[in-house]
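Working notes, beginning with the structure itself.
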């Protein structure tokens, strides 16, 4: 199994076409037999959950049997041709799931891997559907945690992604090691408190957490490739 995360950037004059893509691109993805799971995504402005969308950046997360299937999609699909024509940047991450639990739209898209001996760069996906009556509590806690993450030891980069504004949100973050992820998640007082609140107040109707080994990156995001594969 290979997971691709693609972030594309539209110039301001083509933002309307980005909205069209969110509807139009569903059809070829539905009929793509090589893709077992996919989500068209919007992006936040500050690299994490963000109540203000970045209308120039959009994403696609997809699950493939192998890298060859993804490379064929990237080279020959209607969606790839759309990106090449309308977008000024494309950034692709290919990754292998090493741990996952929870569901996304009622499915376990990454299976249930339990690879414990991973060493090196790790990508972390945290994704949730927020209960409507808990939205104010969720968004009240986002800025502090986002600020801490950006300055945490081992943090490399992150992007906020979501299926719908406000209540279907996710963050993909990249870290130097699994140990750095654990230190941020459980030893950071602010983040640990938010985790407790999500459980005690039952913020989410559905959630998923996954870690990935980064296999390959290509393209640029904001003019650079922020992930250096060693």
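Each value in this text was obtained by applying a stated rule to the coordinates, not by laboratory testing. From a predicted model like this one, the values you see are computed outputs, not experimental measurements. Heads up, the Cβs are rebuilt from the backbone with ideal geometry, glycines too, and the neighbour counts pull from every protein chain shown.
Key figures for this structure:
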{"item": "Relative contact order [Cα under 8 Å, 6+ residues apart], segment 2-217, whole percent", "result": "28"}
{"item": "Residues of segment 86-115 with amide N under 13 Å of a point placed 7 Å along Cα→Cβ from residue 156", "result": "92-96"}
{"item": "Rough spin-label spacing in nm, given labels placed 7 Å along Cα→Cβ, for residue 24 and residue 177", "result": "4.7"}
{"item": "Rounded tilt (10° steps) of 67-76 against the dominant C-alpha axis of the chain", "result": "50"}
{"item": "Helix 15-24 axis, angle to the chain major axis (alpha carbon atoms, nearest 10°)", "result": "90"}
{"item": "Segment 1-55 shape via C-alpha gyration tensor axes, a/c threshold 1.5", "result": "oblate"}
{"item": "C-alpha center-to-center spacing [segment 125-176, segment 58-118] in angstrom", "result": "20"}
{"item": "Extension reserve of the residue 137-residue 16 stretch, reckoned as 0.36 nm per residue once the Cα distance is removed", "result": "40.4 nm"}
{"item": "Between helix 189-200 and the chain: long-axis angle, C-alpha atoms, 0 to 90°, nearest 10", "result": "90"}
{"item": "Approximate spin-label separation residue 119-residue 225, in nm, with each point projected 7 Å along Cα-to-Cβ", "result": "2.4"}
{"item": "Structure-based [θ]222 nm, the chain - -39500 (n - 2.57) summed over DSSP H runs of at least 4, per residue, nearest 500", "result": "-8500 deg cm²/dmol"}
{"item": "Calculated Cα extents along the principal axes in Å (choose from (1) 71, 53, 22; (2) 53, 39, 35; (3) 47, 39, 34), label", "result": "(3)"}
{"item": "Relative contact order for segment 18-82, counting Cα pairs under 8 Å that sit 6 or more residues apart, in percent", "result": "31"}
{"item": "Whole-Å distance, taken between Cα centres, linking segment 187-230 and segment 1-43", "result": "21"}
